[in-house]
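Visitor: The structure follows.
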Amino acid sequence: MPKVTVDGIEVEVPAGATVLQACEAAGKEIPRFCYHERLSIAGNCRMCLVEVSPGPPKPQASCALPAADNQVIRTDTQMVRHAREGVMEFLLINHPLDCPICDQGGECDLQDQSVAYGKGHSRYDENKRAVTEKYMGPIVKTVMTRCIHCTRCVRFAEEVAGVESIGAIYRGENMQITSYLEQAVNSELSGNVVDLCPVGALTSKPYAFEARPWELSKTPGIDVMDAVGTNIRIDVRGRQVMRVLPRINDDVNEEWAHDKTRHHIDGLMERRLDRPWVRRDGKLQSATWAEAFEAIRAVNAGSSVAAIAGDLVDCETMFAAKTLVNALGSTMLEGRQTGLSYDVSSLSAVNFNTTIARVEEADVILLIGTNLRWEASLINTRVRKAVWRRRAKVFAIGQEVDLTYRAEWLGNDAALIAKLPKTVTDAFAKAERPMVIVGGGALAVTGAQAAAQALVKTLNLVRDDWNGFNVVHMAAARMGSLMLGYAQSGGIADITAAAPKLAFFLGADEVDFANFDKSFKVFVGHHGDKGAHAADVILPAVAWPEKAGTYVNTEGRVQVAERAAFAPGDAREDWSIFRALADVLGVNVGFDSFDACRASMIAAVPALGREGEIADYGWSLPKGGTAKPSGPIPSPVKDFYLTNAIARASATMQRCSAELLHGETFEEAAE
């Protein structure tokens with residue numbers, strides 16, 4: 001490990017570290033525009049200049065210079081200061097004076113560094129260069145005259161997103177960053193280039209001219225658009241969520257978020273349920289809370305009660321509903337609303353056991369019935385990293401899709417799971433870190449789960465300090481619901497066969513409501529979507545940013561979100577709805593506050609109280625079950641942008657779906 005001296009401070013850095021990283025290890029701030037910790041080194045902005053000896057008597061770019069033994073690095077000399085001032089002066093030659101109208105204002109690296117490292121004046125008075133705007137789709141707004149050619153967006157698109165559609169054309173002063181043929185960037189991760197852009201060249205189109213950062217209250221939260229559990233920051237003004245940004249968590253999402261996470265939020269203001277409704281004479285009519293509760297009490301369901309959990313609900317909501325259902329004498333609970341009925345007798349067998357972060361270590365990977373790019377975009381980036389950095393070999397069974405990396409598609413017959421080709425078994429025999437990922441498509445095929453679990457022994461997936469058997473879920477509520485017992489042995493079919501007199505639907509919009517014709521349907525949710533249209537009583541609840549809650553991601557990691565905003569009208573928090581309903585129905589749920597509800601939940605399932613930790617399910621595989629699947633594997637996701645009620649209410653997500661998936665064209669007004 002090299003030892004270097006930075007401004008008189010001696011530090012030891014790992015082999016392969018750069019001078020810039022050595023300076024940061026010594027606590028010195030080094031300005032930069034092109035350098036980014038998660039991207040390859042470009043070395044083209046020259047803002048990170050330092051003085052290094054032994055070496056030439058001139059400033060050197062610290063981001064591209066390897067640290068070596070006995071280097072003496074100076075970051076505070078007169079030469080370094082003059083060099084940085086000169087670089088900043090060059091960068092600002094063509095940069096427009098757009099700060100008052102730029103959405104990057106207040107969060108702009110160029111602003112901050114020009115104040116800290118610039119001269120305060122420019123010697124250039126020539127005309128500034130202008131660049132025509134580029135079209136990059138419904139997510140990214142461009143003002144390319146501001147671009148300083150750091151190429152972060154180009155490297156992100158190529159290295160992380162895997163969509164090589166952003167690049168540079170022309171040379172020298174005439175260089176321009178653009179998308180290929182100026183078409184929309186067809187990537188579910190395109191919004192990340194907005195965070196990466198150190199100037200205002202790429203900004204968020206849905207957020208354009210909406211707010212300034214200092215107007216917003218910022219609250220940490222957990223994304224519910226998939227089961228990855230992306231750590232996010234929710235920015236709110238008044239009652240409205242203005243934007244969602246990712247927080248850094250190297251174990252989960254690094255610092256990325258997909259476009260649905262970022263831009264579904266305009267759907268939070270549309271189609272909201274803000275008052276109770278009761279169906280009278282075949283029509284839903286507005287009612288009071290007392291009238292809605294009385295309609296439920298009048299059913300006289302006794303113990304014939306069921307609860308179906310949706311994909312976006314938190315653990316506290318499910319626990320409150322479970323407590324009420326149990327108090328009424330029933331155990332009919334289900335969280336797999338679309339009809340899946342896979343074996344959950346061992347939670348470790350339906351968990352992402354490798355963990356998200358360690359996906360990068362795999363050297364041979366088999367994907368079974370999963371479109372990983374849509375089911376778990378940020379796990380897909382980890383697989384891509386394994387392919388890119390470790391030259392991992394990827395095999396796939398299922399419908400062929402573009403995963404952004406090379407994969408050998410074996411076919412779409414589920415029988416292949418039980419009878420893998422010799423090329424696959426040979427590759428796994430030589431693997432040090434073998435991994436299998438089973439998706440929602442495979443779980444829908446009878447026998448596919450058992451066949452996939454048989455691969456644990458066949459392919460030697462579980463070894464010392466390595467478990468390569470993984471199931472990836474799509475619903476943020478899935479692992480939490482399984483931990484809370486929301487699983488019948490035959491799935492939701494068991495509940496429909498029992499024909500409960502009273503059925504609660506907790507934000508469950510994807511249920512086939514035709515199977516509940518004989519039940520009195522109570523929808524507890526926040527959007528007027530499929531569930532509300534089928535309900536006999538609607539109890540308006542709060543959406544995910546409007547409540548605190550516990551979520552468990554697909555690897556079993558317990559995470560807690562805080563409340564960031566308030567719900568409209570008469571909507572109430574879910575736990576309080578079930579607490580009040582318990583009084584009307586004459587039963588006791590054992591809690592009177594949210595904190596008491598959470599405490600009762602943790603007492604029942606202690607793992608849900610260990611925030612940030614991965615629940616220990618104890619590795620085991622279910623016994624029995626047929627392992628002879630056959631037939632085509634269905635696609636687990638039909639439309640990435642419209643998978644839930646909030647996304648379907650979002651104009652931004654509707655446009656993304658129409659333009660990026662279905663090829664519709666939209667005309668843009670000139671500005």
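Visitor: Kindly provide the set of residues from region 584-598 that are open to solvent by less than 60 Å² (accessible area, probe 1.4 Å) and either assigned to a helix (DSSP H, G or I) or within 27 Å of residue 347 (Cα to Cα) (or both), ordered by number.
Guide: 584, 585, 589, 594, 596, 597, 598
Visitor: Give 622, 632 a once-over and let me know the one that is open to solvent by less than 70 Å² (accessible area, probe 1.4 Å) and either under 25 Å from the mean Cα position of the chain (by Cα) or touching a residue at least 60 places away in the same chain (Cβ under 8 Å) (or both).
Guide: 622
Visitor: With the requirement that a residue be open to solvent by 10 Å² or more (accessible area, probe 1.4 Å), part of a loop (DSSP other than H, G, I, E, B) and out of contact with any Leu (no Cβ under 7 Å at 6 or more places or on another chain), what does region 288-327 give you?
Guide: Scanning region 288-327 gives 288, 298, 300, 302, 311, 312.
Visitor: Test residue 103 against the stated conditions and say whether it is in a loop (DSSP other than H, G, I, E, B) and under 30 Å from residue 664 (Cα atoms).
Guide: In short, yes.
Visitor: Only one of these conditions is not met by residue 554: (1) within 27 Å of residue 327 (Cα to Cα); (2) assigned to a loop (DSSP other than H, G, I, E, B); (3) open to solvent by less than 10 Å² (accessible area, probe 1.4 Å). Which number is it?
Guide: Just one mismatch for residue 554, condition (1).
Visitor: Continuing with this model, one more query. Taking interchain pairs and intrachain pairs at least six residues apart, which have beta carbon atoms under 7 angstrom, with the first residue in region 506-525 and within 15 Å of residue 304 (Cβ to Cβ) and the second among the β-branched types (Val, Ile, Thr)?
Guide: 516/496; 520/299; 522/296; 522/537
Visitor: Hey, another quick one. Taking region 488-512 on its own, how many of its residues are buried (at least 19 other Cβ atoms within 10 Å of the Cβ) and within 21 Å of residue 298 (Cβ to Cβ)?
Guide: Matching residues across region 488-512 total 5.
Visitor: Could I ask something else about it? Which pairs have Cβ atoms under 7 Å, sit 6 or more apart or on different chains, and link a residue in region 415-435 that is assigned to a helix (DSSP H, G or I) to one that is open to solvent by 60 Å² or more (accessible area, probe 1.4 Å)?
Guide: Short answer, once both residue conditions are applied: 415/630; 418/628; 427/393.
Visitor: Considering only residues of region 435-477 that are open to solvent by less than 10 Å² (accessible area, probe 1.4 Å) and among the β-branched types (Val, Ile, Thr), which is nearest to residue 642 (Cα to Cα)?
Guide: For region 435-477, the residue satisfying everything is 472.
Visitor: Quick check on this structure: which one of 382, 389 is open to solvent by less than 10 Å² (accessible area, probe 1.4 Å) and assigned to a helix (DSSP H, G or I)?
Guide: The unique qualifying residue is 382.
Visitor: Tell me, which residue of region 154-191 that is assigned to a helix (DSSP H, G or I) and aromatic (Phe, Trp, Tyr) is most open to solvent (accessible area, probe 1.4 Å)?
Guide: This residue is 180.
For every residue, the table says whether it meets (1) within 18 Å of residue 527 (Cβ to Cβ); (2) under 12 Å from the mean Cα position of the chain (by Cα).
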site	(1), (2)
215	no, no
220	no, no
228	no, yes
235	no, no
239	yes, no
249	no, yes
258	no, yes
271	yes, no
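Visitor: Checking residue 577 against (1) over 26 Å from the mean Cα position of the chain (by Cα); (2) in a loop (DSSP other than H, G, I, E, B); (3) not small (Gly, Ala, Ser): exactly one of these is not met. Which one?
Guide: Every condition holds for residue 577 apart from (2).
The values are calculated or read from the model by the stated rules, or taken from the named source; none is laboratory data. The shown structure was predicted, so the numbers you read here are calculated from the model rather than taken from an experiment. Because the Cβ atoms are built from the backbone with ideal geometry, glycine has one as well, and the counts that use them run over all protein chains shown. We work out accessible area using only protein heavy atoms, side chains counted, and drop any ligands, DNA or RNA first. Shrake-Rupley method; radii C 1.70, N 1.55, O 1.52, S 1.80 Å.
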